[in-house]
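**Q** One structure, pasted below without further comment.
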Amino acid sequence: MRRRIIGVPIAVAALVILVTTGIPTTAAVAAYTDPLGTTVTTPLFADCSGVDASGREYARRHGIAVCAANTTPPDVALRTEAVGGEECGALTLTAMSWGRGVAAIAWRASSETGPIEGVNLTVSVSGRAGTTVHRFSGPTGSTPASEGMVIYVGTGLAVVTISGTVETAVAACSLSSAPARIGVR
């Protein structure tokens with residue numbers, strides 16, 4: 001008695017259809033294991049060499065110890081021994097899948113060195129639909145400063161990075177790139 005194995009040809013045909021039609025294959029399905037939303041917080045670092053006289057005065061009046069600006073005499077250089085600078089706040093990046101290839105991206109900067117006077121930030125979003133770059137710059141006059149956007153990135157893995165500077169009353173604060181990784185459905 002001879003048995004025919006019909007399951008193997010059907011499985012091969014189904015795999016060919018999935019690969020050639022763009023229906024998610026193993027690699028695309030693996031991207032869905034990434035969270036649908038995430039929040040990443042990264043510190044802001046003050047550039048102590050750039051603190052000017054008005055920044056020192058603000059630090060003295062408000063007891064802000066970053067870079068020792070509140071206690072160092074005006075004719076003495078501020079300490080700059082901290083690698084990357086001293087912490088002067090934080091930036092929080094949130095990315096969330098809204099479905100149908102759309103993601104919501106938001107950032108929020110907070111300062112420990114006085115009001116945020118301006119931002120110069122670059123947000124890069126890379127997904128199946130390609131890479132887009134958005135720049136946020138200009139005066140804010142508030143603490144915290146925040147902004148957001150809703151963007152089509154395509155389904156699958158999306159990586160969002162943010163970099164740049166936040167200008168506070170005492171110093172210019174920079175951040176290293178803060179990446180967020182999500183699965184977009």
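**Q** Give the residue that is nearest to the chain's Cα centre (by Cα), with candidates limited to residues of the range 19-62 that are at pLDDT below 50 and among the small types (Gly, Ala, Ser).
**A** 31
**Q** I need the full set of residues from the range 155-171 which are under 29 Å from residue 51 (Cα atoms), open to solvent by 20 Å² or more (accessible area, probe 1.4 Å) and polar (S, T, N, Q), in order please.
**A** Result: 161, 163, 165.
**Q** Another question, then. Restricting to the range 138-168, count the residues that are within 30 Å of residue 57 (Cβ to Cβ) and more than 15 Å from the chain's Cα centre (by Cα).
**A** Total meeting the criteria: 9.
**Q** Of the numbered conditions (1) open to solvent by 20 Å² or more (accessible area, probe 1.4 Å); (2) closer than 19 Å to residue 35 by Cβ; (3) hydrophobic (A, V, I, L, M, F, W, C); (4) over 16 Å from the mean Cα position of the chain (by Cα), residue 96 fails exactly one; give the number of that condition.
**A** (4) is the only condition that residue 96 fails.
**Q** Next question. May I ask you to list the residues in the range 102-141 that are hydrophobic (A, V, I, L, M, F, W, C) and assigned to a loop (DSSP other than H, G, I, E, B)?
**A** Let us first name the residues in the range 102-141 that are hydrophobic (A, V, I, L, M, F, W, C), namely 102-107, 109, 116, 119, 121, 123, 125, 129, 133, 136.
Result: 129, single match.
**Q** Are any residues in the range 48-69 open to solvent by 80 Å² or more (accessible area, probe 1.4 Å), more than 14 Å from residue 111 (Cβ to Cβ) and either β-branched (Val, Ile, Thr) or in contact (Cβ under 8 Å) with a residue 24 or more places away in the chain (or both), and if so, which ones?
**A** Correct list: 49 only.
Quick grid of which residues meet (1) of a type in the set (Val, Ile, Thr); (2) within 17 Å of residue 40 (Cβ to Cβ):
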| position | (1), (2) |
| --- | --- |
| 123 | yes, yes |
| 131 | yes, no |
| 139 | no, no |
| 147 | no, yes |
| 155 | yes, no |
| 158 | no, yes |
| 166 | yes, yes |
| 170 | yes, no |
| 179 | no, yes |
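**Q** Taking the range 113-137, which residues are among the basic types (Lys, Arg) and within 14 Å of the chain's Cα centre (by Cα)?
**A** 135 - this is the single residue of the range 113-137 that is among the basic types (Lys, Arg) and within 14 Å of the chain's Cα centre (by Cα).
**Q** Quickly run through the range 123-154 and pick out the residues that are in contact with a Lys or Arg (Cβ under 6 Å, 6 or more places away or on another chain), more than 15 Å from residue 173 (Cβ to Cβ) and open to solvent by 30 Å² or more (accessible area, probe 1.4 Å).
**A** Answer for the range 123-154, where residues must be in contact with a Lys or Arg (Cβ under 6 Å, 6 or more places away or on another chain), more than 15 Å from residue 173 (Cβ to Cβ) and open to solvent by 30 Å² or more (accessible area, probe 1.4 Å): just 146.
**Q** In contact with a strand residue (DSSP E or B) (Cβ under 9 Å, 6 or more places away or on another chain), under 26 Å from residue 122 (Cβ atoms) and at pLDDT below 90: is that true of residue 84 in this structure?
**A** Against the criterion (in contact with a strand residue (DSSP E or B) (Cβ under 9 Å, 6 or more places away or on another chain), under 26 Å from residue 122 (Cβ atoms) and at pLDDT below 90), residue 84 qualifies.
The values are calculated or read from the model by the stated rules, or taken from the named source; none is laboratory data. Remember, predicted model here, so these are calculated numbers, not experimental data. Because the Cβ atoms are built from the backbone with ideal geometry, glycine has one as well, and the counts that use them run over all protein chains shown. Calculation scope for accessible area: heavy atoms of the full protein, side chains included, ligands and nucleic acids excluded. Shrake-Rupley method; radii C 1.70, N 1.55, O 1.52, S 1.80 Å.
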